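Notes follow the structure.
The values are calculated or read from the model by the stated rules, or taken from the named source; none is laboratory data. Source: prediction; values computed, not measured. Don't worry about glycine lacking a Cβ; one is built from the backbone with ideal geometry, like all the others, and counts go over all protein chains shown. When the accessible area is computed, the model is the full protein with side chains, heavy atoms only, and any ligands, DNA or RNA have been set aside. Shrake-Rupley method; radii C 1.70, N 1.55, O 1.52, S 1.80 Å.
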Amino acid sequence: MMYTGVAVRFATAGFNVLLRARYRRITRRYYRRWGRLPNYANPYFHSEKVQWRKLFDRNPLFPVFLDKIDVRDFVADTAPELSAPRILWTGTDPDSIPYESLPARYVIKPNCRSGDRHFVMGPADVNKEEIAAKCRQWLSRPFGRKVGEWGYLPVRRRLLIEEFLATHAEEDGVTDFRFHVFDGRVHMISSDSSRLEHATRIPLGNNTFYDRTWNQLPFIKVNRQSEIAKPLSKPTQMDSMIASAEKLGAGIDHVRVDLYLAGDRPHFGEITVYPLSGMERFEVVPGAGLRHVEPWEIYMSRPWKLPDIPLPRRLYRGVRGL
């Protein structure tokens, strides 16, 4: 028994040495962010499990989730109660965008990337040359390769234009709700507020975090918040939003489902499988008068049960790479 334990530890250490050498860029980035080397072979922290997924998990649903066009069919079949902004145009050539037939306000984005978009709130935001240059940059190379996010690589790169939907908070800002779902159950909800300004969305820095029963959690983003933000009132639609998020995350070990309210209806935003690439840091603020919880890395890791991928397959995928 002792020999078996030593052998397992030796094999784990060797596997980690191999993978850290194979993925030097990811390993360096992780070390700079966390001050420790990632345990690819036997991950414990949430951030390590995100890296594990990058290296080993080839779930065929991941490219569907990450394609902002194809995911709509999945949502329509799985959670038809959710609305989504209408797609006004799709294509690959930004010079073909039919500006004359578009409404006054809309959003231009790539289907194959995260965080990139251009808000058009009026004629002042339409500079065709600048928009075309931005769109070509979006489509010029696969997103996610440098950080090992395999799920983006099979996505056929396209542009889409969707309608702009006003929300209850349009004048003061926009609040997205992010549902962290583990095996079909919402474990934590975060809110992310921002405001629209000159065709960009500017973060307001007042992120708040809640458990599934809307008790606020004492987390803040490191280097982005200095104190716990004021809690939001629980939306009357929150229970139905949780139910929709759990439908979308059913059968998946972990996804983040982003929803928001426009009018009185919940709308679909996106499904994320590499939340913040495992590189965003959060910390617990003591003395905030809120329920004490474990550090973020453990609180978000405990409900995440990784799929059982045999070691030979992990070794093959790890060595082969993206």
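Projection of the Cα convex hull of the range 1-97, averaged over all directions and equal to a quarter of that hull's surface, yields 11.0 nm². Projected onto planes of every orientation and averaged, the convex hull of the alpha-carbon atoms in the range 243-307 covers 6.3 nm².
The apolar share of the surface of the range 46-109, taken as the fraction of accessible area on carbon and sulfur atoms (1.4 Å probe, ligands and nucleic acids excluded), comes to 50 percent. Multiplying the residue separation of Glu163 and Arg22 by 0.36 nm and removing their Cα-Cα distance gives an extension gain of 46.5 nm. Between the listed residues Tyr40, His187, Gly263, the Cα displaced farthest toward the positive end of the dipole of the chain, a dipole computed from Cβ unit charges relative to the Cα centre, is found at Tyr40. This model, with +1 at the C-beta of Lys and Arg and -1 at the C-beta of Asp and Glu, gives the range 228-310 a dipole about its Cα centre of some 240 debye. Principal axis extents of the C-alpha atoms in the chain (largest first, rounded to whole Å): 72, 48, 37.
The apolar share of the surface of the range 226-308, taken as the fraction of accessible area on carbon and sulfur atoms (1.4 Å probe, ligands and nucleic acids excluded), comes to 52 percent. Annotated for the chain: lysine pairs at least 8 residues apart or interchain, Cα distance under 17 Å, count 7. So if I place +1 on the C-beta of Lys and Arg and -1 on the C-beta of Asp and Glu, and nothing else carries charge, what would the dipole magnitude of the range 37-131 be about its Cα centre? I want it in debye, nearest 20. In debye, rounded to 20, the range 37-131 gives about 360. Every helix of 4 or more DSSP H residues in the chain counts as -39500 (n - 2.57), and over all residues that averages to -8500 deg cm²/dmol at 222 nm. For the chain, hydrophobic long helices are taken as DSSP H runs at least 24 Å long by C-alpha position along their axis with mean Kyte-Doolittle hydropathy of -0.5 or more; these are 2-22. Normalised per residue, the accessible area of the chain is 50 Å², obtained with a 1.4 Å probe and no contribution from ligands, DNA or RNA. Taken about its Cα centre, the chain carries a charge dipole of roughly 2000 debye when the Cβ of each Lys and Arg holds +1 and the Cβ of each Asp and Glu holds -1.
Measuring r between the beta carbons of Arg136 and Arg36 and using R0 = 30 Å, the FRET efficiency lands at 0.15.
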